[in-house]
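The values are calculated or read from the model by the stated rules, or taken from the named source; none is laboratory data. No experiment lies behind these values; they were computed from the predicted model shown. Cβ placement follows ideal geometry from the backbone for every residue including glycine, while neighbour counts extend to all protein chains displayed. The area values use the complete protein model at the heavy-atom level, side chains included, leaving out ligands, DNA and RNA. Shrake-Rupley method; radii C 1.70, N 1.55, O 1.52, S 1.80 Å.
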Number of protein chains: 2
Amino acid sequence: MRTLTVDLNERSYPIYIGRGIRQQKALFDEAIHGKQVMIVTNDTIAPLYLDAMVDMLSADYKVDTCILPDGEEFKTLDTYGTIMTSLLEAKHNRTTTVIALGGGVVGDMAGFAAATYQRGVPFIQVPTTLLSQVDSSVGGKTGVNHPLGKNMIGAFYQPQAVIIDTDSLLSLPQRELSAGMAEVIKYGLICDVPFFDWLEQEMPALMSLDNDKISEAIYRSCLAKANVVAQDEREGGVRAILNLGHTFGHAIETQMGYGNWLHGEAVAAGSVLAMDLSWRMGNITDEDFRRTVDLFKAAKLPILPPVNMTLANFVERMALDKKVLDGSLRLVLLGALGEAIVTSDFPMEDFNACLTDALEASKQANLAIS
Amino acid sequence: MRTLTVDLNERSYPIYIGRGIRQQKALFDEAIHGKQVMIVTNDTIAPLYLDAMVDMLSADYKVDTCILPDGEEFKTLDTYGTIMTSLLEAKHNRTTTVIALGGGVVGDMAGFAAATYQRGVPFIQVPTTLLSQVDSSVGGKTGVNHPLGKNMIGAFYQPQAVIIDTDSLLSLPQRELSAGMAEVIKYGLICDVPFFDWLEQEMPALMSLDNDKISEAIYRSCLAKANVVAQDEREGGVRAILNLGHTFGHAIETQMGYGNWLHGEAVAAGSVLAMDLSWRMGNITDEDFRRTVDLFKAAKLPILPPVNMTLANFVERMALDKKVLDGSLRLVLLGALGEAIVTSDFPMEDFNACLTDALEASKQANLAIS
C-alpha cells in the first residue's frame, strides 16, 4: 500500500492506494470518530462491494446504506435530497460519517450531502473508477448538476481520507478505464513531462491493468493533484490548470447530453483541441502534438469532437459571444509540454481554425468508416 | 452608526448598526467585489425596501432579484432550488454577490444559496427583523428545513458584512418585535448580567422602539454573539450556550407546526422551562427566576408552553426516551444568572416536574381566560 497526504493544514488528509484495501478496516477506523456510518453507493456498485463493506463495519458501527440510481443524469438536487432523507430516517446525528463508495457521481453527491448534513459531517471517499481515483475523489470538490449547468451547486469540502482500492478496477468496463486515463494523461501534459514519457511507454500495460503500473499511475496522478490543490484549495488561481481540455469538453458533454459522451472522453477530445490551439500559437512542437494525439489513441480515447457538432455549437456552449467580447473566456493551454498556462490571450483566428479543422476531420473520419 | 467585528481571522467581517443604513451605498461597495448582485428577499419585504435598494445599486452593478414567498413553511430545498435557478437564468458567475434582504428565513436560505452556488460566492446580510438582526444574521449558520427536521440541511458560511438598519423595525409587527426580544433577553441570561439589568429597566422603551435604546440592545446582543462565535465557529463547544431554551422550543415549534408559534415565542417559553429546571436544581434564586419571567412578560412573550401539549409530546419531540437513556440529551441550563452551562446531568424528576407543572399552569391560565 502507498500513502500520500493532501496538505491543507487542519484539513489535511491521507490518500491510500493499494490492492484490496477497501476491506482494510483499520483505514476506516482511523477516519471514523462516531458510532454511525452511512454508506452511499449506486445500483451498479452495490451488488459488487456493498455487502462486504457493511459486514466489515457492522462489527463496530451502526451501518446504514443509501443506494442511488447509477448515472450522471441522476446527479441532481432531487437525488441529493434522497440522501438527506436516508440520513434523517435512520436518525443519523452530527457525529455520523458518510462513506462514498462508487465513481465520481457518487463521490460528488455523497460529499455534498456530508458537507451540508447538519452543516457538515465527516466523509470518506472510496472511489471505484479510475476517473474518480485520479481526479474527483481528491481535492474536495463536491456538488450536483442543475438543468442549466454542470456542477453549479456544490461546496468545497475535504474528506477525512481517500481509500483507493486498485482491485475495484478489475470490474470496470474498458470504456470507463479509458475515460479515467484521459485525466491521467492530463497530469503529464500540464505538469510532469517524465510522467508523460513513462505513460507513452507503459500505456499497453496500463490498459491491461498491470497492478504495479496502474498503482504508479494513480500515485503520480494523485501526487500532482494534491500538489496543485495544496497551493490553491478553492480554485482562486493555479488550480484552474487541472481544467485542461475541460472548457471544450464541457461544450461537448452538454451538447451531446450528459452520459452520451463520458466526461473523460470529452476531456480527451477537448485536450487535443487545447493542444492544437497551443501548437498553432507556436507553444508546442509538431512532435509534442503528435505524441499527445498518439497517447490518447493508445488509451482508446476520442481525439476529435463529435461529428454532429458545429463551430456554432461550441461558440454557444462556451458562451463565447459574450465572454470573448469582454476578454473573459479563459482557456487552459500549454506554454510548453508539461507547462500549463491559463490565458484569455489567444488569437481568435487560431481558435476558430482549430475547431473548424477538427470538426472537418471528424466528418472525414466518419465518412471513411461508413 | 455603530460598528463591530466578528473576529474569525480571514473570515472576519463587520456588523454595522444604524438608522437608514440599508441605503448607504458605501457599505455595500466595500463588500461587493464583482459586477453582479442578486438580491434575495420575500414578498412581504419586497414592496417595502426592494426598489430603493435596486435603484441604489444599479448605478454600479448588474442587479437581479429573487422574491421568495414569505414564511418558515417555504424554507425548503425546493425554494433553495429556485434561488439557484434565478442565479443561473440571470447568468451569474463566481464573482456575483448575494444580498439577503429580509428576516431569518431569507437570510438562512440566501446564505445557503451563496455557500453553494458554484461552490461559494460572497454574500451580505441585510436583516430586517429584530430576530435576524440580533441572532440569525450573525455567525454564519445557513440552511433550510427538511420535513423530518428543522435546519437539517445547511452550511457554516460567513457573510462579507451584516448591515442592520434599525429603521426597518418600524414596519415590523409587534408580535415579531417580541419574538426578537426573546433572543435579546437570552444574551442577558447566558452571559451578561448588567445587560439583563439594563433590559429590565428599558423594556418599555425598547418595546416602543426608542431608537437609541434599540440600537444599544442590538449592539450588545451582536457583541455577545460575535464573542461566542469567534471562540467556536462550528459549534464544537461553547457556541451551544446560544441555544438556551431552543431544545424545549424546537419541541414546541415542531409540535405546533412551523409558523404557528414564532421561533422567538417558542424560545421564550423554552427559556422559562430551562430557567425553571435550573431553579429546581438550586442554580438560580427564586428572585432571579421571577425576574426572568417578568422580563419575558414585559416583552409580551409567552412564558408557558402551549395549552394543548402534553408531557408525552415533549418526550417524543425531544427524543427523550432514547437520548436520556444513553445520557446524550444535553440541555443548556444556567449555573447562575448570566452563566450558561451545557449539561446532560440533571435530575429526571426535576425535568418531569418542571414540564408537568408548566403544562398544568398553562391549562389553568387558559381556563381563567375562557
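Place the label 7 angstrom along Cα→C-beta at B:SER12 and in each other copy, then list the distances from the first to the rest in nm, shortest first.
Listed shortest first, these distances are 2.7 nm.
Using the Cα gyration tensor of region B:217-332, with a ≥ b ≥ c the square roots of its eigenvalues, what is the shape: rounded (a/c below 1.5), prolate (a/b larger than b/c) or oblate (neither)?
rounded
Starting from the Cα gyration tensor of region B:273-370, take the square roots of the eigenvalues, sort them a ≥ b ≥ c, and report rounded, prolate or oblate (rounded when a/c is under 1.5, otherwise prolate if a/b is larger than b/c, else oblate).
oblate
Once you treat every alpha carbon in region B:2-169 as an equal point and sum by Debye, what is log10 I(q)/I(0) at q = 0.09, 0.11, 0.15 Å⁻¹?
-0.25, -0.37, -0.73
Let me test this: with uniform point scatterers at the alpha carbons of chain B, what is the Debye-based log₁₀ I(q)/I(0) at q = 0.15 1/Å?
Cα-only, vacuum Debye calculation for chain B: -1.32.
About its Cα centre, how strong a charge dipole does the protein assembly as shown have in debye, to the nearest 20, once Lys and Arg get +1 and Asp and Glu get -1 at the Cβ?
140
Quote the FRET efficiency, to the nearest 0.05, computed for A:ASP167 versus B:ASN9 with a Förster distance R0 of 56 Å and r equal to the Cβ-Cβ distance.
Efficiency at R0 = 56 Å is approximately 0.85.
Could you pull out every one of the lysines with an alpha carbon less than 24 Å from that of A:LYS225, ignoring same-chain neighbours closer than 8 positions?
Candidates past the 8-residue exclusion: A:LYS75, A:LYS141, A:LYS150, A:LYS186, A:LYS213, A:LYS297, A:LYS300.
Can you give the helix-only mean residue ellipticity at 222 nm for chain A, where every DSSP H stretch with n ≥ 4 adds -39500 (n - 2.57) and the sum goes over all residues, rounded to the nearest 500 deg cm²/dmol?
-15000 deg cm²/dmol
Run the label-point distances for B:ASP55 please: 7 Å along Cα to Cβ, every other copy, nanometres, shortest first.
7.2
Apply 1/(1 + (r/R0)^6) to the Cβ-Cβ distance of B:SER58 and B:THR85, taking R0 = 30 Å, and write down the FRET efficiency to the nearest 0.05. Can you show the working numbers first?
Details: r = 22 Å, r/R0 = 0.73.
The value I calculate is 0.85.
Across the protein assembly as shown, what fraction of all alpha-carbon pairs, as a whole percent, falls in each successive 20 Å bin from zero upward?
The distribution over the protein assembly as shown is 16, 44, 29, 9, 1, given as percents.
Can you compute the modelled spin-label distance between B:THR95 and B:GLU73, with each label point 7 Å from Cα toward Cβ, in nm?
About 4.3 nm separates the two model spin labels.
Given the Cα-Cα distance of B:GLN23 and B:LYS35 and 0.36 nm per residue of separation, how much length would full extension add, in nm?
Additional length available on full extension: 2.5 nm.
GNM, chain A, Cα, under 10 Å: largest mean-square fluctuation among A:ASP108, A:ASP135, A:ASP197?
A:ASP197
Mind telling me which of B:VAL138, B:VAL184, B:VAL193 comes out most flexible in a GNM of chain B, alpha-carbon contacts under 10 Å?
So, out of B:VAL138, B:VAL184, B:VAL193, the one fluctuating most is B:VAL193.
Using Stokes-Einstein with the Kirkwood hydrodynamic radius over Cα pairs, what translational diffusion coefficient do you get for region B:141-219 at 10 °C and a viscosity of 1.306 mPa s, in µm²/s rounded to a whole number?
109
Please give the length that would be gained between B:LEU311 and B:ALA361 if that part of the chain were fully extended, namely 0.36 nm times their separation in residues minus their C-alpha to C-alpha distance (nm, one decimal).
16.7 nm
Given a 1.4 angstrom probe, what's the average accessible area per residue across region B:49-100, in square angstrom?
42
So what is the relative contact order for region B:110-219, in percent, with contacts set as C-alpha pairs under 8 Å and at least six apart? Don't jump to the answer; show the numbers that get you there.
On the way: 131 pairs, mean separation 28.7, N = 110.
It rounds to 26 percent for region B:110-219.
Using the Cα centre as the reference, give the magnitude of the dipole from point charges on the C-beta atoms of chain A (Lys, Arg: +1; Asp, Glu: -1; all else neutral), rounded to the nearest 20 debye.
Its charge dipole is roughly 740 debye.
Classify region A:250-293: rounded, prolate or oblate, from the alpha-carbon gyration tensor (a ≥ b ≥ c, eigenvalue square roots; a/c under 1.5 rounded; otherwise prolate if a/b is larger than b/c)? Walk me through the numbers before you get to the answer.
Values: a/c = 5.11, a/b = 2.49, b/c = 2.05.
In terms of gyration-tensor shape, prolate.
Chains B and A: how much accessible area gets covered up at their contact, both sides added, probe 1.4 Å, in Å² to the nearest hundred?
Protein heavy atoms only, the B-A interface buries about 2500 Å².
B:ASP197 versus B:ASP294, label points 7 Å from Cα toward the beta carbon: distance in nm?
1.5
What FRET efficiency comes out for the pair B:ASP232/A:ARG234, r = Cβ-Cβ distance, R0 = 30 Å, nearest 0.05?
So, using R0 = 30 Å, E works out to roughly 0.85.
Residue by residue through A:84-90, how many Cβ atoms from other chains fall within 10 Å of the Cβ on average?
Taking all residues of A:84-90 together, the mean is 3.
Just to be sure I understand the model, the point goes 7 Å from the Cα along the line to the Cβ. What's the resulting B:ALA319 to B:ARG175 distance in nm?
Here the modelled spin labels are 3.1 nm apart.
Round to a whole number: what % of the accessible area of the protein assembly as shown belongs to carbon and sulfur, probe 1.4 Å?
Of the solvent-accessible surface of the protein assembly as shown, carbon and sulfur hold 51 percent.
Please report how far the C-alpha centroid of region A:218-261 lies from that of region B:56-99, rounded to the nearest whole angstrom.
So the two Cα centres are separated by 28 Å.
Please name the residues of region B:130-175 whose accessible area, counted over protein heavy atoms with a 1.4 angstrom probe, falls by no less than 50 Å² between the chain alone and the full protein assembly.
Correct list: B:HIS146, B:LEU148, B:MET152.
Ranked by accessible surface with a 1.4 Å probe, highest first, in what order do B:MET207, B:MET348, B:MET38 come?
B:MET348, B:MET207, B:MET38
Ordered shortest first, which distances in nm separate the 7 Å Cα→C-beta label point of A:ARG330 from those of the other copies?
Going from nearest to farthest copy, the values are 4.2 nm.
Take chain B, connect every pair of alpha-carbon atoms lying under 10 Å apart with a spring to form a Gaussian network, then pick out the residue of B:PHE346, B:PHE112, B:PHE123 with the largest mean-square fluctuation.
B:PHE346
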